[in-house]
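These notes concern the structure reproduced below.
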Amino acid sequence: MTKHTVFPGIRLSDSTSNPSLYLQGQGIHNSDLVFRNYGDTVSSFVELFSPFMFLYGKVSQINDQFVLTEVTKSHNFTISSSYSEFITAETTSLHRHEFFEITYIVSGTLHMIIEGQDYYFHENDCCVCNKNIRHVELHDIDCEYFLIMLQEDFLKDVLKNETNDFTEDTSRTFHPIFSSLIRTDFQKECKKESKKEFIAIRHIKQTPPLPAKPLIQNKEYHSSKTLSEHTIYIINSLLIAVTSRKPGWYYNTLNYLCQLLSCFEDTVFYEPTSYLVNTPPHEELFIQISRMIENQHGNISRSELEHQLGYTGDHLTRIIHKYTGMNFIQYAQMFSLLEAERLLTETTISVSDICMLLGYSNRTYFYQIFKEKYGLPPKEWRIQIRSKN
């Protein structure tokens, strides 16, 4: 695999953490990326509690190494483990989210599954996942990659800085690919037709070298000869701008993001292909059901779901069983037990109060279902977990 220096400007942590904990939204408590219903084939959902996030990942089976660096406006950290330890805990379940995700392949090959289909992206390729399309990045091939995660409002902020106000050519469209992602009419049309979109931006192999000298002299100009060097230079500059927190860092971040998006949209070097994928029947309804039950930690009645979603309870139960094999009570209990596990692990709230918070008036019943899943009553389970930690 081609060797690249890990992006500078990132303060690497000396601590080592199992990446599977990160992928479950656990273990690193200040991460702005949280996984919901983790591992579920249909309803696994990721939330981003930041306007943007950048991830640098490196996978090497030869060196038995997995590294992941997370950078946001508020923090940055790195986690690492052996590849063998990480890959045994990795899930192949698809996830979705309500932000835009741009994946650039620094070197090697990244294997992705998008709406059930396998896709392979190679060095200098780029994949743009629109909101709510189900996908997963697999780490079965050596690669380095850079993920850009952008909330819609932040992407609008990036794009609005480049308008046609200073040119008489009103037909010119800045960032045609990324502007299309936030077009309201396009989003409405996709939703109406139950379609989702992703864009494969493939690197054209036979391309002319970049100019050795800038048209306008600029001391920050990087006189690189290859597309890889030029792109990595922009990414490095972007990360340094974010992590430096120096005056003007936010506008520098917008600047380098604009440069990076422009690079991916350059038709001399890249060929974009848009894919529209049909949403299976009832999938959207199941995802709504799942998120509503999870948001209430399982403490929601079937009649409440009927009222909020406008379907009969029997129909909702059939949808749940179709995707999970469970009935409504079993599915709701799954979320309540997950919340009980979190409260027992992360807080000092008494077991009695946890029962009340989760809507269990019968404490004996709660003890019974908890022991069935975890092998111990709640209090003893808490003691065992804390002794291990």
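Starting from segment 241-254, take each residue that is under 18 Å from Leu159 (Cβ atoms) and hydroxyl-bearing (Ser, Thr, Tyr) and list its partners that are open to solvent by less than 70 Å² (accessible area, probe 1.4 Å) and at pLDDT 90 or above, counting only C-beta distances under 6 angstrom and pairs at least six apart or across chains.
If the second residue must be open to solvent by less than 70 Å² (accessible area, probe 1.4 Å) and at pLDDT 90 or above, the pairs left are Thr253/Ala241; Thr253/Val242.
Just to be sure I understand, how many residues within segment 297-314 are of a type outside the set (Val, Ile, Thr) and touching a helix residue (DSSP H, G or I) at 6+ places or on another chain (Cβ under 8 Å)?
11
Does Arg291 satisfy the criteria of being at pLDDT 85 or above and basic (Lys, Arg)?
Here the answer is no, as Arg291 does not meet what is asked.
Need the failing condition index for Val277 against (1) modelled with pLDDT under 90; (2) within 18 Å of Phe178 (Cα to Cα); (3) open to solvent by less than 60 Å² (accessible area, probe 1.4 Å), just the number.
Among (1) modelled with pLDDT under 90; (2) within 18 Å of Phe178 (Cα to Cα); (3) open to solvent by less than 60 Å² (accessible area, probe 1.4 Å), the lone unmet condition for Val277 is (2).
Would you please name the residue that is surrounded by the most Cβ atoms within 10 Å (Cβ to Cβ), looking only at residues in segment 310-323 that are charged (D, E, K, R) and free of Cβ contacts under 8 Å to residues at least 12 places away in the same chain?
Within segment 310-323, the match that is surrounded by the most Cβ atoms within 10 Å (Cβ to Cβ) is Arg318.
Within segment 97-119, take every residue that is more than 16 Å from Lys58 (Cα to Cα) and open to solvent by 10 Å² or more (accessible area, probe 1.4 Å) and give me the one that is nearest to the chain's Cα centre (by Cα).
My answer is Glu98.
The conditions are (1) under 23 Å from Tyr374 (Cα atoms); (2) buried (at least 19 other Cβ atoms within 10 Å of the Cβ), and Met326 fails exactly one of them. Which is it?
(2)
Determine, yes or no, whether Thr16 is in contact with a Ser or Thr (Cβ under 8 Å, 6 or more places away or on another chain), surrounded by fewer than 18 Cβ atoms within 10 Å (Cβ to Cβ), at pLDDT below 85 and of a type in the set (Ser, Thr, Tyr).
Criteria met by Thr16.
Among the residues of segment 122-160, how many are open to solvent by less than 20 Å² (accessible area, probe 1.4 Å) and outside any strand (DSSP E or B)?
Matching residues across segment 122-160 total 9.
Collect the residues in segment 77-107 that are among the polar types (S, T, N, Q) and touching a residue at least 40 places away in the same chain (Cβ under 8 Å), keeping them in residue-number order.
Hits for segment 77-107 are Thr78, Ser80, Ser81, Thr91, Thr92, Ser93, Thr103, Ser107.
Pairs under 7 Å by beta carbon, first residue open to solvent by 30 Å² or more (accessible area, probe 1.4 Å) in segment 375-386, partner at pLDDT below 90, six or more apart or different chains?
If the second residue must be at pLDDT below 90, the pairs left are Leu376/Gln384; Ile385/Thr345.
Among the helices (runs of 4 or more DSSP H) lying completely within segment 314-389, list those that include at least 2 residues that are among the basic types (Lys, Arg).
The qualifying helices (runs of 4 or more DSSP H) are 363-374, 378-388.
Using the structure shown, decide if His282 is of a type outside the set (Lys, Arg), in contact (Cβ under 8 Å) with a residue 40 or more places away in the chain and surrounded by 13 or more Cβ atoms within 10 Å (Cβ to Cβ).
Here the answer is yes, as His282 does meet what is asked.
The values are calculated or read from the model by the stated rules, or taken from the named source; none is laboratory data. Here the structure is a predicted model, which means the values were calculated and not measured. So basically every Cβ, Gly included, is an ideal-geometry build from the backbone, and we count neighbours across all protein chains shown. Heavy atoms of the whole protein, side chains included, go into the accessibility calculation; ligands, DNA and RNA do not. Shrake-Rupley method; radii C 1.70, N 1.55, O 1.52, S 1.80 Å.
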